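Below is one structure, written out as structure tokens; the observations come after it.
The values are calculated or read from the model by the stated rules, or taken from the named source; none is laboratory data. Just so you know, these numbers come straight off a predicted model, no measurement behind them. Here Cβ is always computed from backbone atoms with ideal geometry, including for glycine, and neighbour counts include all displayed protein chains. We work out accessible area using only protein heavy atoms, side chains counted, and drop any ligands, DNA or RNA first. Shrake-Rupley method; radii C 1.70, N 1.55, O 1.52, S 1.80 Å.
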Amino acid sequence: MKAVCWHGKNDMRVDNVPDPTIINDRDIIIRVTSTAICGSDLHIYNGYIPSMMAGDIVGHEFMGEIVETGKAITNLAKGDRVVIPFTIACGNCFFCKNDYFSCCDNSNPNAGIADKLYGFSPSGLFGYSHIYGGYAGGQAEYVRVPFADVGAFKVPDGLPDEKVLFLTDIFPTGYMAADNCGIKPGDTVAIWGCGPVGLFTIKSAFLLGAERVIAIDRFPERLQMAQNAGAEVLNYEKTSVIDELKARTGGMGPDHCIDAVGMEAHGHSPDHIMDKAMQLARLGTDRPHVLREAIMACRKAGTVSMPGVYGGFLDKIPFGAAFAKGLTFKMGQTHVHHYLPKLMEHVQEGRIDPSFLITHRLPLEDAPHGYKMFKEKTDNCIKVVLKP
Amino acid sequence: MSYSEAPASTYPVQSENPYGESRPVPVDPQGHVNVAPNERLASALIGVTLGWFALTKSDNNTGIRAPLAAFSSFLLYRSVTGNCPLYSALRTGTNGDTHSPSAVIPHGQGIRVEKAITIQKSATELYNFWRNFENLPRFMKHLEAVTVMDDTHSTWRAKAPMGQHVSWNAELIVDEPNQRIAWRSVEPMDIPNAGTVRFKELPAGRGTTVEVTLEYNPPAGMLGAMVAKLFGEEPGMQVEDDLRRFKQLMETGEISTNEGQSHGVQGHYKSPLGSDKDTKENP
């Protein structure tokens with residue numbers, strides 16, 4: 001079968017690889033009908049994710065039709081159309097039982113490595129390096145899905161792929177980012193980043209009852225989409241973010257600040273230049289420019305919500321400000337399984353059409369071009385969907 | 001003799017630490033006798049001879065007196081006291097005595113590993129699975145097979161570094177249902193070893209903590225263990241990985257793996273932390 005494989009920095013290739021097979025009894029094999037490139041795939045593309053090996057199949061936003069089931073699967077059958085959460089969860093450990101699915105104890109076969117890095121290993125992910133389990137990803141014609149009895153979610157009839165594909169990752173990610181804030185009536189939410197996750201965060205904030213959403217980015221097409229979603233916009237290349245947010249909130253600051261940018265933040269300020277220099281010198285690994293702004297801008301006793309992604313260490317975080325203002329930080333990989341049913345219902349009821357942000361549809365073979373376009377944001381690219 | 005009657009200082013010594021910290025056996029603090037009698041005699045003779053040379057040699061020879069004197073002192077020390085500091089450091093010895101009938105590893109020798117893990121299952125389920133020793137190779141990757149012969153005796157066979165095999169017979173010495181199991185090797189055995197597993201159910205539905213203590217006496221003591229470490233077989237990690245697999249098996253019914261899955265043409269380029277070991281998941 002064909003699959004998108006990483007071969008080094010800025011080097012994704014479509015290789016011919018063996019078809020996947022059932023390995024454990026709770027596996028299924030699906031034939032992929034749609035798959036997307038995620039912003040976090042760009043961290044892999046840009047060479048920032050450690051423990052990748054040339055030849056690894058990437059991709060963690062995918063859905064399709066079941067073609068084979070393992071012996072222990074009783075709730076799914078061949079032919080079922082399913083979406084698959086990007087985090088792999090066993091359903092039986094302490095964390096899964098408490099709905100912290102992305103913290104699953106049992107789904108990372110390389111837990112020993114992750115233990116050393118993080119103290120305890122999070123769940124395995126599809127197509128996201130060996131620290132996260134080394135699982136083959138879903139930008140391919142077929143995928144093996146472990147613990148499918150817990151992961152695979154059947155798609156109700158009548159919903160085309162494009163309306164449900166993003167339930168695998170970015171819609172629940174944006175939703176959890178907003179949910180983590182504990183939005184109350186009258187609240188103002190500031191969101192840095194109007195990429196796909198930021199856009200879903202905007203929509204989710206409104207679904208959760210936010211009064212105002214202020215969205216921050218610099219690309220006109222992304223700001224436009226944010227505006228279409230109901231947000232007020234702020235272009236950080238034209239104005240000072242912290243001052244502007246203070247002014248627009250009557251001197252109080254946003255109640256909640258969401259960093260939908262993560263470790264590869266971009267900016268022009270001195271702290272950002274320092275971040276870049278440190279990365280080149282291999283000192284700090286992440287560039288938390290947005291996080292710093294979020295901390296400074298947030299109102300007292302507010303929430304800073306971080307859907308990610310951060311990988312290593314941060315430098316020079318204004319923790320004194322965070323402490324003095326009594327901020328709450330909430331973060332983490334998305335607990336997709338927890339949110340999927342509710343979000344599927346939102347889609348079914350027509351409260352949101354997730355396909356709004358697709359700008360490019362390409363055949364799987366054009367994935368390398370898709371990656372380049374997505375990274376450089378050429379051709380007004382916001383979200384690329386691949387069709388095997 | 002039942003386990004509870006054994007003298008307090010004997011093996012296996014239970015640790016009260018539930019957090020799974022692996023503590024190496026401390027270097028023998030009491031300087032007990034770890035040199036065999038014949039060896040002590042040889043040590044004494046050679047020590048006296050070298051000492052004589054050290055004291056009487058004229059200074060023509062280039063500075064050999066001091067090292068000779070030091071070495072002879074070392075030999076004399078170990079012959080007089082019966083304790084060789086080098087043996088103590090390597091946690092081995094030639095005296096081969098034990099301090100109790102139930103100890104299979106002499107006092108002050110051997111490697112000891114203690115690890116713990118918490119599993120969302122009852123102590124009963126975990127005890128029942130572990131009590132049938134034939135189940136152990138399903139999650140202890142270095143065990144090839146365990147054959148149970150009767151209620152208290154079993155034969156174990158394991159992989160050793162560099163493609164070797166070791167085997168031993170074991171007998172059950174403690175069996176407290178749903179609480180504790182202890183076993184130790186008996187002759188014939190390639191490597192003396194013993195183990196204990198304790199099951200402690202937690203309140204509020206938090207599952208059961210499984211604490212494992214393993215002791216073994218590799219050939220050449222610490223040196224053997226160091227060689228094993230070089231080959232990536234650090235005992236603490238092994239036990240940790242085994243317990244993780246035990247947890248996966250008990251909680252999910254299977255052991256997570258990506259062995260045998262699909263991938264593209266594997267080149268040599270790796271990002272930092274990528275290594276050949278990455279392609280051999282679940283060694």
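For the stretch A:267-388, a/c is not less than 1.5, where a ≥ b ≥ c are the root eigenvalues of the C-alpha gyration tensor, and a/b does not top b/c. That puts it in the oblate class. For the stretch A:1-73, with equal point scatterers placed on the C-alpha atoms only and solvent neglected, what are the log10 I(q)/I(0) values from the Debye formula at q = 0.12, 0.24 1/Å, to two decimals? Log-scaled intensity ratios, in q order: -0.39, -1.12. The angle separating the long axis of helix A:336-348 from the principal Cα axis of greatest extent in chain A is about 90 degrees. Summary value for chain A: 17 percent relative contact order, contacts being C-alpha pairs under 8 angstrom separated by 6+ residues.
Along the Cα-to-Cβ line of residue A:97, 7 Å from the Cα, sits a label point; which residues in the stretch A:310-344 have backbone N less than 19 Å from it? Flagged as within label range: A:337-338. Within the stretch A:1-23, the residues that become at least 40 Å² less accessible when every protein chain is included than when their own chain is isolated (1.4 Å probe; DNA, RNA and ligands ignored) are A:23. Placing a label point 7 Å from the Cα of residue A:78 along the Cα-to-Cβ direction, the residues of the stretch A:145-180 whose backbone N falls under 18 Å from that point are A:145.
The ellipsoid that matches the Cα gyration tensor of the stretch A:193-301 has semi-axes, each √(5λ) in whole angstrom, of 24, 16, 13, with the longest given first. Computed from point charges on the beta carbon alone (+1 for Lys and Arg, -1 for Asp and Glu), the dipole magnitude for the protein assembly as shown about its Cα centre is near 1240 Debye. Residues of the stretch A:44-78 whose accessible area (probe 1.4 Å, heavy atoms of protein chains only) drops by at least 30 Å² once all protein chains are present, relative to their chain alone: A:50, A:51, A:53, A:54, A:55. Between the listed residues A:380, A:181, A:294, the Cα displaced farthest toward the positive end of the dipole of chain A, a dipole computed from Cβ unit charges relative to the Cα centre, is found at A:294.
With the charge dipole of the stretch B:123-186 set up from +1 on Lys and Arg Cβ and -1 on Asp and Glu Cβ about the Cα centre, the Cα lying farthest toward the positive end among the listed residues B:162, B:137, B:173 is that of B:162. When the accessible areas of B alone and A alone are added and the area of the pair subtracted, with a 1.4 Å probe, the result is around 3200 Å², both sides summed. The calculated FRET efficiency for residue A:313 paired with residue B:80, based on their beta-carbon distance and R0 = 35 Å, is about 0.05. Directionally averaged projected area (the stretch B:112-151, Cα convex hull): 3.9 nm². Holding the Cα-Cα limit at 26 Å, pick out from A:71/B:247; A:300/A:330; A:154/A:330; A:238/A:377 the pairs that are longer than that. Too far apart for the 26 Å limit: A:154/A:330. At 0.890 mPa s and 25 °C, plugging the Kirkwood radius over alpha-carbon pairs of the stretch A:50-126 into Stokes-Einstein gives what diffusion coefficient in µm²/s? Once the numbers are plugged in, D ends up at 172 µm²/s.
Rounded to the nearest whole Hz, the Karplus-based 3J(HN,Hα) values (6.51 cos²θ - 1.76 cosθ + 1.60, θ = phi - 60°) of the stretch A:290-304 follow the sequence 5, 4, 4, 5, 4, 5, 5, 7, 5, 5, 4, 6, x, 10, 10, with x at glycine and proline.
Here the accessible area of the stretch B:146-212 is 51 percent carbon and sulfur, with a 1.4 angstrom probe and all protein chains present.
Under a model in which nothing but the beta-carbon of Lys, Arg (+1) and Asp, Glu (-1) is charged, the stretch A:266-388 shows a dipole of about 340 debye around its Cα centre. Its residue count N sets the reference 2.2 N^0.38 Å, and the alpha-carbon radius of gyration of the protein assembly as shown equals 1.18 times that reference.
For chain A, taking Cα atoms only, Rg and Dmax work out to 20.0, 61 Å respectively.
Checking every one of the trypsin sites (Lys or Arg not before Pro) in the stretch A:1-96 against DSSP loop status and a limit of 14 other Cβ atoms within 10 Å picks out A:9, A:71, A:78. Suppose every K and R has +1 on its Cβ and every D and E has -1 on its Cβ; what is the size of the dipole of chain A about the Cα centre, in Debye to the nearest 20? Dipole about the Cα centre, nearest 20: 620 debye. Within chain A, what's the longest stretch lacking GluC sites (Glu not before Pro) that sit in DSSP loops with no more than 14 other Cβ atoms inside 10 Å? In short, A:1-210. Working note: Karplus 6.51/-1.76/1.60 with θ = phi - 60° gives the stretch A:324-334 the couplings 4, 8, x, 7, 10, 9, 10, 7, x, 5, 5 Hz, where Gly and Pro are set to x. The C-alpha atoms of chain A define a longest principal axis, and helix A:270-280 lies at about 30 degrees to it. Amide H contacts of residue A:33 (H built 1.01 Å from N, in plane; Pro and chain starts excluded): A:63, A:64, A:65 sit under 5 Å, all sequence-distant by 5 or more or on other chains. Shown here for the stretch A:79-135: chymotrypsin sites (Phe, Trp or Tyr not before Pro) in loop regions (DSSP other than H, G, I, E, B) with at most 15 other Cβ atoms within 10 Å, namely A:120. Once the 1.4 Å probe is applied to the protein heavy atoms, the protein assembly as shown comes out at 43 Å² accessible per residue. Close amide H pairs (under 5 Å, H built 1.01 Å from N) link residue A:14 with A:5, residues at least 5 positions away or on another chain.
Around the amide H of residue A:230, modelled in the peptide plane, lies no amide H under 5 Å away from a residue 5 or more places distant or on another chain.
Projected label points at residue A:208 and residue B:259, each 7 Å from Cα along the beta carbon direction, are separated by 4.2 nanometres. Within the shell defined by Cβ-Cβ distances under 14 Å, the residues around residue A:371 carry a net charge of -1, with Lys and Arg each +1 and Asp and Glu each -1. Quick one: net charge around residue B:119, please, counting Lys, Arg +1 and Asp, Glu -1 for every other residue with C-beta under 12 Å from its C-beta. Here the count lands on +1. Across A:39, A:182, A:127, mean-square fluctuation computed from a Gaussian network of chain A (C-alpha pairs under 10 Å connected) peaks at A:182. GNM on chain A, C-alpha springs below 10 Å: top fluctuator among A:357, A:167, A:159? Its mean-square fluctuation being the largest, the pick is A:159.
Note that the stretch A:3-12 has calculated 3J(HN,Hα) couplings of 8, 7, 10, 7, 10, x, 4, 6, 9, 9 Hz, one per residue in order, obtained from phi through the Karplus relation 6.51 cos²θ - 1.76 cosθ + 1.60 (θ = phi - 60°); glycine and proline are x. From the helices alone, meaning DSSP H stretches of at least four residues, give me the mean residue ellipticity at 222 nm for the protein assembly as shown, per-run term -39500 (n - 2.57), in deg cm²/dmol to the nearest 500. Roughly -8500 deg cm²/dmol at 222 nm, from the helical runs in the protein assembly as shown. The slack between residue A:348 and residue A:11, meaning 0.36 nm per residue of separation minus the straight C-alpha distance, is 117.5 nm. Averaging 1/r over every pair of different alpha carbons in the stretch A:105-145 and inverting the result gives a Kirkwood radius of 10.3 Å.
Taking 7 Å steps out from each Cα toward its Cβ at residue A:71 and residue A:378 produces label points 5.2 nm apart. For the stretch A:126-174, the spherically averaged projection of the C-alpha convex hull amounts to 4.5 nm². Take the Kirkwood radius over Cα pairs of the stretch A:90-189, plug it into Stokes-Einstein at 20 °C and 1.002 mPa s, and you get 137 µm²/s for translational diffusion. Here the spin labels are modelled as points 7 Å beyond Cα on the Cα-Cβ line, and at residue A:323 and residue B:167 they lie 6.3 nm apart. In the stretch A:226-321, the portion of solvent-accessible area held by carbon and sulfur atoms comes to 59 percent [1.4 Å probe, whole percent, DNA, RNA and ligands not counted].
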